[in-house]
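Before any comments, here is the structure.
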Amino acid sequence: MAKEVIRQHLPLMEEEGRGAATDDDTGRDRHYLPELPDEDPYQAGHRTCAGCGPAIEYRWVLKAAGQDTVVAGPTGCMYVANSTYLCTPYTVPWAHTPIASGGSFTSGMAAGYEALIRKGRHPGPYPNIIVMAGDGSAADIGLGSISGALYRNHDALFICYDNECYANTGIQVSPTTPYASMTTFTPFGKAKPEGTSLPPKNLAKMMAAGHPHCYVATTTVGYPVDLMNKTRKGLNHRGAAFMHCFTPCQKGWVYQTSMTVEIGRRVVEAGLFPVWEYDPAERAYHYFHPPVQRPVTDYLAMQGRFGHMLPEHIASIQAQANRNWEDIGMDVPAELREGEDPARHARLREETYSMPLNRGVGA
Ligand SMILES: Cc1ncc(C[n+]2csc(CCOP(=O)(O)OP(=O)(O)O)c2C)c(N)n1
Ligand code: SF4
Ligand SMILES: [Mg+2]
(Lines give C-alpha, C1' and ligand atoms only; values in the text may rest on other atoms or scores of the structure.)
(Ligands and ions follow the chains in the order given, each with its own letter.)
Protein backbone atom coordinates (compact mmCIF):
# COMPACT_ATOMS: atom_id res chain seq x y z
CA MET A 1 0.00 0.00 0.00
CA ALA A 2 1.23 3.50 -0.82
CA LYS A 3 2.70 5.32 2.18
CA GLU A 4 1.45 8.77 3.18
CA VAL A 5 3.62 11.76 2.19
CA ILE A 6 4.09 13.79 5.39
CA ARG A 7 4.84 17.51 4.94
CA GLN A 8 6.99 19.62 7.29
CA HIS A 9 5.70 22.84 8.82
CA LEU A 10 8.17 25.63 9.58
CA PRO A 11 7.12 28.22 12.21
CA LEU A 12 7.34 31.94 11.35
CA MET A 13 9.64 34.33 13.22
CA GLU A 14 8.79 37.56 15.03
CA GLU A 15 8.89 40.42 12.53
CA GLU A 16 8.51 43.41 14.81
CA GLY A 17 11.03 46.13 14.02
CA ARG A 18 11.21 45.29 10.33
CA GLY A 19 11.08 48.97 9.40
CA ALA A 20 14.07 49.68 11.65
CA ALA A 21 12.21 52.67 13.08
CA THR A 22 12.32 51.63 16.73
CA ASP A 23 14.89 50.37 19.20
CA ASP A 24 14.28 47.72 21.81
CA ASP A 25 15.05 47.97 25.53
CA THR A 26 18.74 47.39 25.02
CA GLY A 27 18.90 50.25 22.54
CA ARG A 28 19.61 47.98 19.58
CA ASP A 29 17.59 47.61 16.44
CA ARG A 30 15.25 44.70 17.05
CA HIS A 31 15.38 43.90 13.39
CA TYR A 32 18.72 42.24 13.96
CA LEU A 33 17.73 40.23 17.01
CA PRO A 34 15.21 37.66 15.83
CA GLU A 35 15.03 34.12 17.14
CA LEU A 36 17.43 32.79 14.57
CA PRO A 37 18.06 29.08 14.11
CA ASP A 38 21.61 28.11 15.08
CA GLU A 39 22.06 25.85 12.08
CA ASP A 40 23.74 27.12 8.94
CA PRO A 41 23.34 24.70 6.01
CA TYR A 42 25.28 27.23 3.90
CA GLN A 43 28.61 27.49 5.70
CA ALA A 44 31.71 29.62 5.31
CA GLY A 45 34.17 28.30 2.73
CA HIS A 46 32.83 29.54 -0.59
CA ARG A 47 34.52 31.94 -2.98
CA THR A 48 31.97 34.69 -3.59
CA CYS A 49 33.17 38.31 -3.48
CA ALA A 50 33.21 40.05 -0.10
CA GLY A 51 29.77 41.58 0.47
CA CYS A 52 28.08 39.34 -2.12
CA GLY A 53 24.30 39.81 -1.85
CA PRO A 54 23.42 36.40 -3.33
CA ALA A 55 25.67 34.66 -0.75
CA ILE A 56 23.80 36.46 2.05
CA GLU A 57 20.51 35.37 0.49
CA TYR A 58 21.69 31.75 0.24
CA ARG A 59 22.69 31.78 3.89
CA TRP A 60 19.39 33.22 5.17
CA VAL A 61 17.24 30.98 2.96
CA LEU A 62 18.99 27.82 4.08
CA LYS A 63 19.01 28.94 7.71
CA ALA A 64 15.22 29.33 7.44
CA ALA A 65 14.77 26.02 5.63
CA GLY A 66 16.94 23.95 7.96
CA GLN A 67 18.77 20.68 7.61
CA ASP A 68 16.02 18.57 5.99
CA THR A 69 16.43 20.35 2.67
CA VAL A 70 17.70 19.64 -0.83
CA VAL A 71 18.89 22.46 -3.10
CA ALA A 72 19.51 22.94 -6.79
CA GLY A 73 21.47 25.76 -8.38
CA PRO A 74 21.54 26.58 -12.11
CA THR A 75 24.77 27.91 -13.60
CA GLY A 76 25.74 31.37 -12.36
CA CYS A 77 27.91 32.92 -9.67
CA MET A 78 26.21 30.86 -6.98
CA TYR A 79 27.08 27.67 -8.77
CA VAL A 80 30.64 28.54 -9.75
CA ALA A 81 31.71 30.20 -6.51
CA ASN A 82 30.14 27.47 -4.38
CA SER A 83 31.49 24.39 -6.08
CA THR A 84 35.24 24.50 -5.96
CA TYR A 85 36.70 21.04 -6.59
CA LEU A 86 36.50 18.92 -3.43
CA CYS A 87 35.06 21.81 -1.44
CA THR A 88 31.49 22.96 -0.82
CA PRO A 89 29.79 25.25 1.69
CA TYR A 90 26.66 23.04 1.88
CA THR A 91 25.76 20.68 4.71
CA VAL A 92 22.63 19.63 2.77
CA PRO A 93 22.41 17.80 -0.58
CA TRP A 94 22.99 20.19 -3.48
CA ALA A 95 22.99 19.73 -7.25
CA HIS A 96 24.04 21.89 -10.16
CA THR A 97 21.70 22.17 -13.16
CA PRO A 98 22.24 23.73 -16.57
CA ILE A 99 21.19 27.39 -16.58
CA ALA A 100 18.00 26.68 -18.54
CA SER A 101 16.86 23.71 -16.47
CA GLY A 102 16.38 24.91 -12.89
CA GLY A 103 12.61 24.48 -13.17
CA SER A 104 12.54 21.11 -14.87
CA PHE A 105 15.28 19.64 -12.67
CA THR A 106 13.45 20.77 -9.54
CA SER A 107 10.16 19.36 -10.85
CA GLY A 108 11.94 16.04 -11.16
CA MET A 109 13.26 16.22 -7.60
CA ALA A 110 9.77 16.98 -6.27
CA ALA A 111 8.08 14.20 -8.24
CA GLY A 112 10.91 11.80 -7.37
CA TYR A 113 10.66 12.39 -3.60
CA GLU A 114 6.88 11.98 -3.69
CA ALA A 115 7.25 8.65 -5.51
CA LEU A 116 10.05 7.39 -3.25
CA ILE A 117 8.13 8.22 -0.08
CA ARG A 118 4.93 6.58 -1.38
CA LYS A 119 6.87 3.45 -2.25
CA GLY A 120 8.53 3.40 1.19
CA ARG A 121 12.01 3.93 -0.27
CA HIS A 122 12.57 7.31 1.44
CA PRO A 123 11.74 7.45 5.16
CA GLY A 124 10.33 11.00 4.91
CA PRO A 125 9.07 13.49 5.74
CA TYR A 126 8.95 15.23 2.36
CA PRO A 127 12.09 17.46 2.29
CA ASN A 128 12.17 21.19 1.66
CA ILE A 129 12.94 21.38 -2.06
CA ILE A 130 14.49 24.64 -3.22
CA VAL A 131 16.06 25.95 -6.39
CA MET A 132 17.91 29.27 -6.32
CA ALA A 133 18.46 30.68 -9.80
CA GLY A 134 20.03 33.96 -10.87
CA ASP A 135 18.07 36.55 -12.84
CA GLY A 136 19.76 35.47 -16.08
CA SER A 137 18.45 31.99 -15.44
CA ALA A 138 15.04 32.72 -13.86
CA ALA A 139 14.04 35.78 -15.90
CA ASP A 140 15.66 34.87 -19.20
CA ILE A 141 17.34 31.60 -20.24
CA GLY A 142 15.47 29.36 -17.77
CA LEU A 143 12.20 31.28 -17.54
CA GLY A 144 10.26 28.67 -19.49
CA SER A 145 11.30 25.76 -17.31
CA ILE A 146 10.44 27.62 -14.09
CA SER A 147 7.09 28.75 -15.50
CA GLY A 148 6.36 25.13 -16.47
CA ALA A 149 7.14 23.92 -12.96
CA LEU A 150 4.92 26.59 -11.41
CA TYR A 151 2.11 25.75 -13.83
CA ARG A 152 2.31 22.05 -12.94
CA ASN A 153 2.33 23.07 -9.25
CA HIS A 154 5.24 20.92 -8.06
CA ASP A 155 5.67 21.20 -4.31
CA ALA A 156 8.90 23.22 -4.19
CA LEU A 157 10.20 26.75 -3.69
CA PHE A 158 11.59 28.45 -6.80
CA ILE A 159 13.77 31.46 -5.97
CA CYS A 160 15.27 34.08 -8.23
CA TYR A 161 18.26 35.76 -6.56
CA ASP A 162 18.37 38.95 -8.55
CA ASN A 163 21.67 40.78 -8.90
CA GLU A 164 20.32 42.54 -11.99
CA CYS A 165 22.98 41.23 -14.35
CA TYR A 166 24.67 38.15 -15.74
CA ALA A 167 27.37 38.47 -13.11
CA ASN A 168 29.36 35.30 -13.51
CA THR A 169 30.28 35.88 -17.13
CA GLY A 170 31.37 39.48 -16.52
CA ILE A 171 28.41 41.72 -15.54
CA GLN A 172 26.37 41.65 -18.75
CA VAL A 173 22.89 43.13 -19.11
CA SER A 174 19.97 40.87 -18.14
CA PRO A 175 16.19 41.42 -18.36
CA THR A 176 16.15 42.73 -14.77
CA THR A 177 19.00 45.24 -15.24
CA PRO A 178 17.49 48.64 -14.37
CA TYR A 179 17.15 51.49 -16.85
CA ALA A 180 20.25 53.74 -16.98
CA SER A 181 22.60 51.39 -15.16
CA MET A 182 25.87 50.40 -16.82
CA THR A 183 26.86 46.84 -17.69
CA THR A 184 29.66 45.53 -19.89
CA PHE A 185 27.13 45.03 -22.72
CA THR A 186 25.43 48.39 -22.14
CA PRO A 187 28.22 50.91 -21.58
CA PHE A 188 27.26 54.59 -21.60
CA GLY A 189 28.59 56.77 -24.43
CA LYS A 190 27.57 59.35 -26.99
CA ALA A 191 25.00 57.11 -28.68
CA LYS A 192 23.46 55.91 -25.41
CA PRO A 193 24.30 58.28 -22.57
CA GLU A 194 21.98 56.33 -20.27
CA GLY A 195 23.76 52.97 -20.68
CA THR A 196 20.91 50.42 -20.36
CA SER A 197 17.98 51.85 -22.31
CA LEU A 198 15.24 49.28 -21.60
CA PRO A 199 13.11 49.13 -18.43
CA PRO A 200 13.47 45.96 -16.34
CA LYS A 201 11.13 42.99 -16.67
CA ASN A 202 8.71 42.70 -13.74
CA LEU A 203 9.45 39.05 -13.09
CA ALA A 204 7.56 38.54 -9.83
CA LYS A 205 4.35 40.15 -11.09
CA MET A 206 4.61 38.00 -14.23
CA MET A 207 4.90 34.89 -12.08
CA ALA A 208 1.96 35.84 -9.84
CA ALA A 209 -0.32 36.94 -12.69
CA GLY A 210 0.58 33.95 -14.83
CA HIS A 211 0.37 31.27 -12.12
CA PRO A 212 -2.42 32.46 -9.80
CA HIS A 213 -2.49 29.20 -7.81
CA CYS A 214 1.10 29.76 -6.56
CA TYR A 215 2.38 31.62 -3.51
CA VAL A 216 4.58 34.47 -4.85
CA ALA A 217 6.62 36.98 -2.85
CA THR A 218 9.31 39.60 -3.24
CA THR A 219 11.94 40.44 -0.64
CA THR A 220 15.47 41.80 -0.30
CA VAL A 221 18.60 41.06 1.72
CA GLY A 222 17.83 44.32 3.56
CA TYR A 223 15.05 42.54 5.47
CA PRO A 224 16.45 39.22 6.71
CA VAL A 225 13.46 38.23 8.86
CA ASP A 226 11.06 39.00 6.02
CA LEU A 227 13.29 36.97 3.69
CA MET A 228 13.38 34.02 6.06
CA ASN A 229 9.66 34.10 6.82
CA LYS A 230 8.77 34.23 3.13
CA THR A 231 11.11 31.30 2.57
CA ARG A 232 9.18 29.38 5.24
CA LYS A 233 5.79 30.46 3.89
CA GLY A 234 6.82 29.36 0.42
CA LEU A 235 7.94 26.00 1.76
CA ASN A 236 4.83 25.57 3.93
CA HIS A 237 2.61 26.32 0.92
CA ARG A 238 1.34 23.04 -0.54
CA GLY A 239 2.33 23.32 -4.20
CA ALA A 240 4.65 25.62 -6.09
CA ALA A 241 5.94 28.90 -4.64
CA PHE A 242 8.10 31.59 -6.21
CA MET A 243 10.24 34.15 -4.37
CA HIS A 244 12.04 37.05 -6.05
CA CYS A 245 14.90 38.34 -3.88
CA PHE A 246 16.84 41.55 -4.56
CA THR A 247 20.51 40.74 -3.96
CA PRO A 248 23.13 43.48 -4.59
CA CYS A 249 26.29 42.44 -6.44
CA GLN A 250 29.24 44.23 -4.91
CA LYS A 251 31.48 43.68 -7.91
CA GLY A 252 29.00 44.55 -10.64
CA TRP A 253 27.29 47.46 -8.95
CA VAL A 254 30.47 49.04 -7.54
CA TYR A 255 29.71 50.09 -3.96
CA GLN A 256 31.32 49.93 -0.53
CA THR A 257 31.53 46.29 0.54
CA SER A 258 29.73 46.79 3.86
CA MET A 259 26.68 48.41 2.22
CA THR A 260 24.93 45.34 0.75
CA VAL A 261 22.22 45.19 3.42
CA GLU A 262 21.81 48.98 3.43
CA ILE A 263 21.28 48.98 -0.35
CA GLY A 264 18.74 46.18 0.14
CA ARG A 265 16.73 48.56 2.35
CA ARG A 266 17.27 51.71 0.34
CA VAL A 267 15.93 50.20 -2.86
CA VAL A 268 12.63 49.64 -1.02
CA GLU A 269 12.66 53.07 0.65
CA ALA A 270 13.33 54.68 -2.74
CA GLY A 271 10.26 52.97 -4.20
CA LEU A 272 12.26 50.98 -6.73
CA PHE A 273 11.64 47.43 -5.46
CA PRO A 274 8.19 46.97 -3.92
CA VAL A 275 8.10 44.24 -1.28
CA TRP A 276 4.90 42.21 -1.30
CA GLU A 277 3.35 38.79 -1.18
CA TYR A 278 0.61 37.30 -3.28
CA ASP A 279 -1.84 35.06 -1.47
CA PRO A 280 -3.29 32.50 -3.91
CA ALA A 281 -6.25 31.71 -1.61
CA GLU A 282 -7.43 35.32 -1.66
CA ARG A 283 -5.93 36.06 -5.08
CA ALA A 284 -4.68 39.31 -3.52
CA TYR A 285 -1.40 41.23 -3.17
CA HIS A 286 -0.25 42.42 0.27
CA TYR A 287 2.26 45.27 0.08
CA PHE A 288 4.87 46.30 2.64
CA HIS A 289 4.69 50.06 3.24
CA PRO A 290 8.16 51.21 4.35
CA PRO A 291 8.17 53.85 7.12
CA VAL A 292 10.74 55.93 5.18
CA GLN A 293 10.32 57.28 1.62
CA ARG A 294 13.49 58.61 0.02
CA PRO A 295 14.43 60.29 -3.24
CA VAL A 296 15.90 57.80 -5.70
CA THR A 297 19.23 59.65 -5.55
CA ASP A 298 19.74 58.27 -2.01
CA TYR A 299 19.86 54.83 -3.60
CA LEU A 300 21.46 55.55 -6.97
CA ALA A 301 24.36 57.68 -5.72
CA MET A 302 25.73 54.83 -3.60
CA GLN A 303 26.55 52.78 -6.71
CA GLY A 304 29.16 53.27 -9.40
CA ARG A 305 26.99 51.59 -12.06
CA PHE A 306 24.78 54.72 -12.06
CA GLY A 307 27.63 57.26 -11.82
CA HIS A 308 27.23 58.50 -15.43
CA MET A 309 23.56 59.46 -15.07
CA LEU A 310 22.32 62.79 -16.42
CA PRO A 311 19.44 64.86 -14.90
CA GLU A 312 16.84 63.44 -17.32
CA HIS A 313 17.78 59.88 -16.38
CA ILE A 314 17.37 60.58 -12.67
CA ALA A 315 14.02 62.30 -13.29
CA SER A 316 12.82 59.32 -15.32
CA ILE A 317 13.73 56.89 -12.52
CA GLN A 318 12.03 59.12 -9.93
CA ALA A 319 8.88 59.08 -12.10
CA GLN A 320 9.02 55.27 -12.17
CA ALA A 321 9.44 55.13 -8.39
CA ASN A 322 6.47 57.47 -7.95
CA ARG A 323 4.30 55.18 -10.09
CA ASN A 324 5.43 52.30 -7.89
CA TRP A 325 4.40 54.21 -4.73
CA GLU A 326 0.96 54.75 -6.25
CA ASP A 327 0.70 51.11 -7.28
CA ILE A 328 1.28 49.94 -3.71
CA GLY A 329 -1.24 52.43 -2.32
CA MET A 330 1.13 55.03 -0.84
CA ASP A 331 1.03 58.81 -1.22
CA VAL A 332 3.82 60.46 -3.18
CA PRO A 333 5.33 63.32 -1.11
CA ALA A 334 5.64 66.69 -2.91
CA GLU A 335 9.45 66.52 -2.84
CA LEU A 336 9.41 63.22 -4.74
CA ARG A 337 6.87 64.50 -7.29
CA GLU A 338 9.10 67.50 -7.95
CA GLY A 339 11.92 65.05 -8.62
CA GLU A 340 10.18 64.05 -11.87
CA ASP A 341 11.39 67.36 -13.32
CA PRO A 342 14.90 67.09 -14.84
CA ALA A 343 15.48 70.75 -14.00
CA ARG A 344 15.51 69.74 -10.31
CA HIS A 345 18.57 67.53 -10.82
CA ALA A 346 22.29 67.78 -11.55
CA ARG A 347 24.44 64.96 -12.96
CA LEU A 348 24.29 62.11 -10.47
CA ARG A 349 27.88 62.53 -9.34
CA GLU A 350 27.10 66.15 -8.37
CA GLU A 351 23.84 65.41 -6.56
CA THR A 352 23.68 65.68 -2.79
CA TYR A 353 22.21 62.68 -1.04
CA SER A 354 21.86 61.41 2.50
CA MET A 355 24.93 59.48 3.56
CA PRO A 356 24.44 55.86 4.56
CA LEU A 357 23.82 55.45 8.26
CA ASN A 358 25.03 52.40 10.04
CA ARG A 359 21.63 51.03 10.98
CA GLY A 360 22.98 47.97 12.65
CA VAL A 361 24.71 46.29 9.74
CA GLY A 362 26.74 43.58 11.41
CA ALA A 363 25.40 44.50 14.87
C1 LIG B 1 22.81 28.05 -22.17
C2 LIG B 1 23.92 28.79 -21.53
N3 LIG B 1 24.21 30.04 -21.99
C4 LIG B 1 25.19 30.75 -21.41
C5 LIG B 1 25.91 30.23 -20.37
C6 LIG B 1 27.05 31.01 -19.78
N7 LIG B 1 26.79 31.48 -18.44
C8 LIG B 1 27.29 30.86 -17.34
S9 LIG B 1 26.98 31.64 -15.90
C10 LIG B 1 26.13 32.85 -16.74
C11 LIG B 1 25.58 34.01 -15.97
C12 LIG B 1 24.28 33.68 -15.30
O13 LIG B 1 23.66 34.84 -14.82
P14 LIG B 1 22.63 34.75 -13.67
O15 LIG B 1 21.69 33.63 -13.88
O16 LIG B 1 22.02 36.10 -13.47
O17 LIG B 1 23.52 34.37 -12.39
P18 LIG B 1 24.73 35.26 -11.76
O19 LIG B 1 25.97 34.86 -12.47
O20 LIG B 1 24.36 36.68 -11.94
O21 LIG B 1 24.77 34.84 -10.33
C22 LIG B 1 26.13 32.62 -18.12
C23 LIG B 1 25.51 33.50 -19.13
C24 LIG B 1 25.60 28.93 -19.93
N25 LIG B 1 26.25 28.36 -18.90
N26 LIG B 1 24.59 28.24 -20.52
S1 SF4 C 1 30.24 38.96 -8.96
FE2 SF4 C 1 28.49 39.67 -7.69
S3 SF4 C 1 27.09 37.91 -7.48
FE4 SF4 C 1 29.08 37.15 -8.24
S5 SF4 C 1 30.17 36.49 -6.37
FE6 SF4 C 1 30.78 38.62 -6.80
S7 SF4 C 1 29.34 39.93 -5.62
FE8 SF4 C 1 28.47 37.83 -5.74
MG1 LIG D 1 22.44 37.56 -12.10
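Given the condition open to solvent by 10 Å² or more (accessible area, probe 1.4 Å), modelled with pLDDT of 95 or more and within 14 Å of ligand 1 (Cβ to nearest atom), answer yes or no: does some residue in segment 222-233 qualify? Within segment 222-233 (the criterion being open to solvent by 10 Å² or more (accessible area, probe 1.4 Å), modelled with pLDDT of 95 or more and within 14 Å of ligand 1 (Cβ to nearest atom)), the answer is no, since none of the residues qualifies. Of the residues making up segment 96-112, just one is surrounded by fewer than 18 Cβ atoms within 10 Å (Cβ to Cβ) and in a loop (DSSP other than H, G, I, E, B), namely PRO98. Please work out if GLY189 is more than 16 Å from ligand 2 (Cβ to nearest atom) and touching a helix residue (DSSP H, G or I) at 6+ places or on another chain (Cβ under 9 Å). Answer is no for this residue.
Could you please find all residues in segment 253-272 being open to solvent by less than 10 Å² (accessible area, probe 1.4 Å) and assigned to a helix (DSSP H, G or I)? Show your work before the answer.
Of the residues in segment 253-272, the ones open to solvent by less than 10 Å² (accessible area, probe 1.4 Å) are 253, 260, 262-271.
If the condition is that a residue be open to solvent by less than 10 Å² (accessible area, probe 1.4 Å) and assigned to a helix (DSSP H, G or I), then TRP253, THR260, GLU262, ILE263, GLY264, ARG265, ARG266, VAL267, VAL268, GLU269 are the ones that fit.
Could we say that LYS192 is free of Cβ contacts under 8 Å to residues at least 24 places away in the same chain and either crowded, with 24+ Cβ neighbours inside 10 Å or among the basic types (Lys, Arg) (or both) here?
Considered against the rule, which asks whether it is free of Cβ contacts under 8 Å to residues at least 24 places away in the same chain and either crowded, with 24+ Cβ neighbours inside 10 Å or among the basic types (Lys, Arg) (or both), LYS192 comes out as yes.
If you go through segment 118-138 and keep only what is near ligand 1 (Cβ under 8 Å from one of its atoms) and either more than 19 Å from LYS205 (Cβ to Cβ) or of a type in the set (Gly, Ala, Ser) (or both), you end up with ALA133, GLY134, GLY136, SER137, ALA138.
Of the residues GLY73, GLY112, GLY66, GLY108, the single one that is closer than 30 Å to LYS201 by Cα and out of contact with any helix residue (DSSP H, G or I) (no Cβ under 7 Å at 6 or more places or on another chain) is GLY108.
Hey, could you check segment 64-80 for residues that are part of a loop (DSSP other than H, G, I, E, B) and more than 16 Å from ligand 3 (Cβ to nearest atom) and say which is least open to solvent (accessible area, probe 1.4 Å)?
Let us first name the residues in segment 64-80 that are part of a loop (DSSP other than H, G, I, E, B), namely 66-68, 75-76.
Checking the rest, the ones that are also more than 16 Å from ligand 3 (Cβ to nearest atom) come to 66-68.
Working: GLY66: 4, GLN67: 86, ASP68: 62 Å².
Looking at residues that are part of a loop (DSSP other than H, G, I, E, B) and more than 16 Å from ligand 3 (Cβ to nearest atom), I get GLY66.
The residue that is farthest from ligand 3 (Cβ to nearest atom), among those in segment 155-169 that are surrounded by fewer than 24 Cβ atoms within 10 Å (Cβ to Cβ) and not acidic (Asp, Glu), is THR169.
The values are calculated or read from the model by the stated rules, or taken from the named source; none is laboratory data. Owing to the predicted nature of the structure, the values given are computational and were not obtained by experimental measurement. FYI the Cβ positions are ideal-geometry reconstructions off the backbone, even for glycines, and counts take in every protein chain you see. Please note that ligands, DNA and RNA were not included when accessible areas were found on the heavy atoms of the full protein model with its side chains. Shrake-Rupley method; radii C 1.70, N 1.55, O 1.52, S 1.80 Å.
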